[in-house]
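Below is one structure; the comments refer to it alone.
The values are calculated or read from the model by the stated rules, or taken from the named source; none is laboratory data. Given the structure is predicted, the values throughout are model-derived calculations rather than measurements. Here the Cβ is made from the backbone with ideal geometry for all residues, glycine too, and neighbour counts use every protein chain on show. These area figures cover heavy atoms from the full protein model, side chains too; ligands, DNA and RNA do not enter into them. Shrake-Rupley method; radii C 1.70, N 1.55, O 1.52, S 1.80 Å.
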Amino acid sequence: MVREGLFSMLLETRPIFKNREYLRPSYTPEELPHRDSQIHQLARILAAPLRGETPSNILIYGKTGTGKTACVKYVTRELEKVSDRSPLKARLVYINCEEVNTKYRILATLANTFLERLKGNLGELPDSVPMTGWPTDEVYKCFFRAMDSEKQLGVIVLDEIDKLVLRSGDEVLYHLTRMNSDLKNSKVSIIGISNDLNFLNYLDPRVRSSLSEEELVFPPYNAVQLKDILEKRARISFVEGAIQEGVISLCAAHAAREHGDARRALDLLRVAGELAEREGCEKVSVEHVRRAHERIEQDKMVEVIRTLPTQSKLVLYSIVLLSERMSSSIISGEVYSVYRELCAQAGLDVLTQRRIGDLISELDMLGIISAKIVNKGRQGRTKEIRLNIHPTQALAAIHDEQLTSIDTLKLSRQLTLV
């Protein structure tokens, strides 16, 4: 039973946040510090159609958290405003290719965006395109006709474009990058955003030359720049005096070590604030940042485990079971013994001991476990293994369609471990 006054007591606690949403990746600030050069370069390229010139396609590279998406959204938003006074009105379409990652869904999303903007003046065009079921060429024709029904500039932003190409190939890019030669009333500019610097190697040479007419590279932020970004964002996110000295610097230092990821720095500051808030503290301390960093690392590790292949998950599950059963260090031979038994229970093929050794090394490289080679004298060399994540978290993340009964896979009493 909830005690009376419980929520009243929580509401009476002095708040730490003014608005925590300003610390989330989805927020695009009015000012983007330390990206003036990239913003002006992007604006110069996109201004061409406003003068009646054919626009260039743009490919933008940079590691996660370097401001690529934020800068593109900022510049295209400004372009939409100013284009109201130009012959071609700019229409922005933003697509995250991690979520929309097939040729059909890309074209259907584009078609529906421009059909919706016609506001009833559809003529022979349909009201909308279904997300499945039509021939793909019909979806493309519908998008093309909707696009060319008005004088407009379609700015199509394909974020994480490498995910689209790796999953579905580059055929849709081939069609999109060649649209301008057939369009009569409108123009199209493609902006591809990728974290993968080798992305162009995945493309057909014809698509590569069309897509990368202009290239922009976003360098990582350094610690000083990250500190400046955090200070600006903290002023609008936290109440005055809610952050102790050293908190911003520590968040910036952690993110600078991880390739200058501003998104990571903002997440760290937000999670530290949430930890302080839950504890009823009136200020965010350095200790809150340290604990927030540990928590984010654990969350990141859980996400990595979820994406592991089934055999790697089974090796990790073997290590988890051993860590719960044994107080001493785990060696690779023991892992293989448990792995073989679990494969038999799950009805899966058993890989060789050498291959399992490779999978253990991959888990070590990902930071999920620590594995060091030790010399056992006559017994030869082996790997001593330690789990770097709490067993409960690991078990929750290991769930796999092929391992639906993972909670029923247990060590038999007959299995002897030395």
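The condition of being modelled with pLDDT under 95, open to solvent by 40 Å² or more (accessible area, probe 1.4 Å) and within 18 Å of the chain's Cα centre (by Cα) holds for only one of Arg257, Arg263, that being Arg263. Quick check: is even one residue across the range 129-136 open to solvent by 30 Å² or more (accessible area, probe 1.4 Å), polar (S, T, N, Q) and assigned to a helix (DSSP H, G or I)? Scanning the range 129-136 turns up at least one residue that is open to solvent by 30 Å² or more (accessible area, probe 1.4 Å), polar (S, T, N, Q) and assigned to a helix (DSSP H, G or I).
Evaluating Thr66 against the criteria (1) crowded, with 17+ Cβ neighbours inside 10 Å; (2) of a type in the set (S, T, N, Q); (3) within 22 Å of Gln152 (Cα to Cα) leaves one unmet condition, (3). Of all the listed residues (Pro25, Pro29), the sole one being surrounded by fewer than 15 Cβ atoms within 10 Å (Cβ to Cβ), within 30 Å of Glu279 (Cα to Cα) and in contact with an Asp or Glu (Cβ under 9 Å, 6 or more places away or on another chain) is Pro25. If you go through the range 186-225 and pick out every residue that is modelled with pLDDT under 90 and in a loop (DSSP other than H, G, I, E, B), you end up with 8. Of Leu268, Leu275, all but one fail to be free of Cβ contacts under 8 Å to residues at least 24 places away in the same chain, in a helix (DSSP H, G or I) and in contact with a His (Cβ under 9 Å, 6 or more places away or on another chain); the exception is Leu275. Scanning the range 166-179 for residues that are surrounded by 17 or more Cβ atoms within 10 Å (Cβ to Cβ) and at pLDDT below 90 yields one hit, Ser168. Residue count for the range 16-57, restricted to those that are over 21 Å from the mean Cα position of the chain (by Cα) and not in a loop (DSSP other than H, G, I, E, B): 16. Restricting the range 94-128 to residues that are assigned to a loop (DSSP other than H, G, I, E, B) and of a type in the set (Asp, Glu), the residue that is most open to solvent (accessible area, probe 1.4 Å) is Glu124. Scanning the range 227-254 for residues being out of contact with any Ser or Thr (no Cβ under 9 Å at 6 or more places or on another chain) and assigned to a loop (DSSP other than H, G, I, E, B) gives a total of 5. For the range 40-56, the condition holds for no residue, the condition being that it is open to solvent by less than 70 Å² (accessible area, probe 1.4 Å), aliphatic (A, V, I, L, M) and over 13 Å from Ser189 (Cα atoms).
Among residues of the range 299-312 that are over 22 Å from Val350 (Cβ atoms), those with a beta-carbon under 7 Å from a residue that is part of a helix (DSSP H, G or I) at least six positions away or on a different chain give the pairs Val302/Gln393; Val302/Ala397; Arg306/Ala397.
The set of residues from the range 222-248 being open to solvent by 50 Å² or more (accessible area, probe 1.4 Å) and not aliphatic (A, V, I, L, M) comprises Asn222, Lys227, Glu231, Lys232, Arg235, Glu240, Gln244, Glu245.
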